[in-house]
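The values are calculated or read from the model by the stated rules, or taken from the named source; none is laboratory data. Note that the structure is predicted; figures quoted are calculated from it, not measured. As a convention, Cβ positions derive from the backbone with ideal geometry for all residues, glycine included, and neighbour counts pool all protein chains shown. For accessibility, only protein heavy atoms count, side chains too; no ligands or nucleic acids. Shrake-Rupley method; radii C 1.70, N 1.55, O 1.52, S 1.80 Å.
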Amino acid sequence: MRTLSLCLITAATVATTAACGVPSEDTPPEQIAAREASLSYSPPVLLKLQHATSRVVGVAGHDRGDNVWQERQNSYRDIDQRWQLVDLENGYFAVRNVDTGWCLDVAGSSTANSANILQWTCYYTTNQQWQIQVNGSGYLLRARHSSKCLDVQGSSSSTGANILQYTCYYTSNQRVKFIRTSGVVGSEYHPSI
């Protein structure tokens, strides 16, 4: 059984969220490394989008701040399409790219509809924390800070379509399946939620 601990942010701790066990940009790298070593990671998976055949979540480039987009699944070997679910032990997960080591991040911690989702250094802040919810035959990824869902803009099925956050409507363009890229390749992975 998991227990949740609450953290009170006061004026004295507002400059850094590290006081609550959550790294910030001011947190020394060795503290971030120690935190990461204590977390559990899923096997590498594809985030397969359910509204379009053979479409997965990938990254536009290898730089911090690059947008996350929809792309054609070429094979189970494309490393920029592989992700790990990082159990933050608080009911939320970070989604970390295997290639870059960076996490899905809602740009600027925006709470607005249509805010871009990009990859950024994993600080595990609330705009990088995702609640995984069962929805039909797949899962929704709901951002902790905004309660909005990962969404393919305009339900597009085109390669390069933008991935953003939007009000959760529980539609197929917001639904993913986690597909293994190691072990039993191509089988579904079901996280413990």
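For the reader, a short list of remarks on this structure follows.
- All-pairs Cα distance distribution in the chain, expressed in whole percent, bin size 5 Å: 1, 8, 16, 21, 22, 15, 9, 5, 2, 0, 0
- Taking 0.36 nm per residue of separation and subtracting the current Cα-Cα distance, fully stretching the chain between Asp26 and Ser192 would add 56.6 nm.
- Cβ-placed point charges (K, R +1; D, E -1), dipole of the chain about Cα centre in debye, nearest 20: 640
- Our coupling estimate for the stretch 142-149, obtained by passing each phi through the Karplus curve with A = 6.51, B = -1.76, C = 1.60 and θ = phi - 60°, is 10, 5, 5, 6, 10, 6, 9, 9 Hz, Gly and Pro reported as x.
- For the stretch 73-145, the Cβ-based charge dipole about the Cα centre amounts to some 120 debye (Lys, Arg positive; Asp, Glu negative; other atoms uncharged).
- Label point 7 Å beyond Cα of Ser137 along Cβ direction - residues of the stretch 156-192 with amide nitrogen under 18 Å: 170-180, 186-191
- Among Arg77, Arg142, Arg55, the largest mean-square fluctuation in a Gaussian network model of the chain (Cα springs under 10 Å) belongs to Arg77.
- Contact order, relative form, for the stretch 94-171: 27 percent (alpha carbon pairs under 8 Å, 6 or more residues apart, mean separation divided by residue count).
- One decimal place: the segment Tyr76-Thr53 gains 6.8 nm when fully extended, by the rule 0.36 nm per residue minus the C-alpha distance.
- Packing, taken as the mean count of other beta carbons within 10 Å per residue, orders the peptides 44-54, 108-118 from highest to lowest as 44-54, 108-118.
- Exposure of His62 as accessible area (Å², to 10), given a probe of 1.4 Å and all protein chains: 120
- Note on surface exposure: Ser187, Ser192 rank Ser192, Ser187 by accessible area, highest first, 1.4 Å probe.
- Shown here for the stretch 22-119: GluC sites (Glu not before Pro) in loop regions (DSSP other than H, G, I, E, B) with at most 16 other Cβ atoms within 10 Å, namely Glu25, Glu89.
- Whole-number accessible area per residue in Å² for the chain, which is evaluated in the context of all protein chains at 1.4 Å: 47
- Of the peptides 78-87, 131-140, 177-186, the ranking by mean beta-carbon count within 10 Å, highest at the top, reads 78-87, 131-140, 177-186.
- Using equal-weight Cα scatterers in the Debye expression, the normalised intensity of the stretch 101-163 in log10 at q = 0.16, 0.29 Å⁻¹ is -0.53, -1.28.
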